[in-house]
1. Under a crude label model (7 Å from the Cα following the beta-carbon direction), how far is B:Arg153 from B:Ala44 in nanometres?
2. For the stretch B:247-357, rounded, prolate or oblate, judged on the Cα gyration tensor with a ≥ b ≥ c (square roots of eigenvalues), a/c < 1.5 rounded, else prolate if a/b > b/c?
3. Distance between Cα centroids, the stretch A:1-80 to the stretch B:263-279: provide it in whole Å.
4. Just the number, please: Stokes-Einstein D of chain B in µm²/s, Kirkwood Rh from C-alpha pairs, 10 °C, 1.306 mPa s.
5. In whole Å, what is the distance between the alpha-carbon centres of the stretch B:395-436 and the stretch B:88-143?
6. Where the only charges are on Cβ atoms (+1 Lys, Arg; -1 Asp, Glu), what is the dipole of the stretch B:327-442 about its Cα centre, to the nearest 20 debye?
7. Where does the stretch B:327-442 land on Rg/Rh, using Cα atoms and the Kirkwood Rh?
8. Quick check on chain B: helices-only [θ] at 222 nm, where DSSP H runs of length 4 and up contribute -39,500 (n - 2.57) each and the sum goes over total residues. Nearest 500, please.
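Read-outs: derived from the displayed coordinates by stated rules, not from any lab. Source: prediction; values computed, not measured. Quick reminder, even Gly has a Cβ in these numbers, built from the backbone with ideal geometry, and neighbours come from all protein chains shown.
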Amino acid sequence: MTRRSSKRRVRLVELAHARSGDKGDTANIGLIARKPEYYPLLVNQVTVARVARHFKDMITGHVERFELPNLHALNFLLHGALDGGGTISLKTDAQGKVFSTALLRLVVELPR
Amino acid sequence: MTPARGPRAVRIAAGQGFWGDWLEAPYRQVTGGPVDYLMMDYLAEVTMSILQKQKSRDPSLGYAKDFVSSMERILPIVAERGIKVTANAGGVNPRACAQAVADVARRLKLGGKLRIGVVTGDDLLGRLDGLLARGHELRNLDTGRPLSDVRDRVLAANAYLGARPIVEALRQGADVVITGRVTDTGLTLAPMIHAFDWPPDAWDLLAAGTVAGHTIECGAQCSGGNCLVDWERIPDLANVGYPIVEARADGTFEISKHPGTGGRISVAGVTEQLVYEMGDPAAYITPDCIADFTTIRLEQAGKDRVRVSGVRGKSATDKLKVSVAYFYGYKAVGTLVYSWPDAYAKARAADRVLRRRLESLRLRFEAIHTELVGADATHGRLALEDLAVEGLPEVQLRVGVRSPDRAAVERFTREIAPLILNGPPSVTGFAGGRPKPEEIVAYWPALLDKTMVEPCVEIVEA
């Protein structure tokens, strides 16, 4: 980033909040804009491809995304995220409860 | 408190979001202000197998005993105020659970004053071979494998029933309805169908009731608990108020909580709960309907009050979800804590030593999983991108193994403690002793034709 850039790079946590849970070996992350005007930015920048790249070392399957414009929210499904899920998993976060906050580390670009 | 406008709203209070939730919540919900129903959700995906195990040891067990203790405390109040209770506390033995509650009622001199509805028909364990023989393969929804692959290891099998049998029990005058495996949302939807006489094909209304159920099924998780937005300023979580749905006949409802309680009911907090454990938001499938979460409208209708409207639904499918629990194998997790200086590097080194030893013992594991708690346990490499690991005051090494072979897991548990004296230095935190191998009971989701399951409703007089 240069000082002349017209964009500001921020972590998603400044623009959105999130909650996650599990269904079997899949973690879901509901990502919610902190203000309605941030929602289009989430739609444009927090894409399936970017989220898959972000989590590439943490999941073995693919990523799906669903839009909830009524709630200014996106829902992501991260398949193969939980080492088998539920009781099988050896992970501390066997139920994917804090995958939500891992997504909030993602860096996005905000117009100045 | 502002009452909902129009004809009288029906108030459904969440008293328990899972088995193990706050014991004070049911009592506070029935004493903190006016409510019509108390809804208590006890069953998680693997709970049924634990209960099935208890029942196999003692045929009078197999239900959530916490529920009976809760009822002992609140029965005099709910009887006096005419509050009705819906709970899936019956587990794999709803009749025994009802009997236990009836005994409590008699001890409290409420005999003759309490009708208990019992919903059964969800338990498929005894019918599995017949179903498989008739061509119902119960294929795993995630892997596509037929249930016959693990048939000899099945410990429990239950269909998820919907709201209808609970409605039937309420129609027959039940004050307390105890069920086996019904959907979490059905426990909230049923009182609405009963109170407003919603027809079976009123899909938008049934979807609205389902959204209401999803909102409060995790208890305080929609009233300020586990809420990320503004979490430092959510008031008085020590005294958190559990949520209440104030439902109206037109399918709109408000989420509120008792006055004077802590926590917060906000649009942001309710939204967090709506997206929790969500799949395709346009198709939230239950036995009662398909709810479209992309139609939900939320507005802050006052302090600690969120109004929900606009919910649309579609017709239910002809399938029921079935949850099968089966024996999978064994696992164990061992931990040690390493301190500064170089805590992170020492923990990593200890992990390498441990793995070399497991390898040379030629133990067969399906998986070995290492986490360094305090560094990368929950966010993996994402956390290490901007963390100066050299300065960490301590790191917990946490290693887990999984295997079909119990002996291999058992041997692993004996390889942790030796590291204290024969591995990297500055290690502590082993006071808990040797880890114990655990049996893994895994979850197998499947679908079954609705026509194969017949819910049954009985009334027990206390």
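1. 2.1 nm
2. Numbers: a/c = 3.57, a/b = 1.77, b/c = 2.01.
Because a/c hits 1.5 or more and a/b fails to exceed b/c, the stretch B:247-357 counts as oblate.
3. What the calculation gives is 16 Å, centre to centre.
4. Values: Rh = 24.3 Å.
For the chosen part, D equals 65 µm²/s.
5. 41 Å
6. Working: 17 positive and 15 negative charges, 122 e Å.
Approximately 580 debye in magnitude.
7. Details: Rg = 14.4 Å, Rh = 14.6 Å.
The Rg/Rh ratio comes out at 0.98.
8. On the way: 13 runs with 132 residues, N = 462.
About -8500 deg cm²/dmol.
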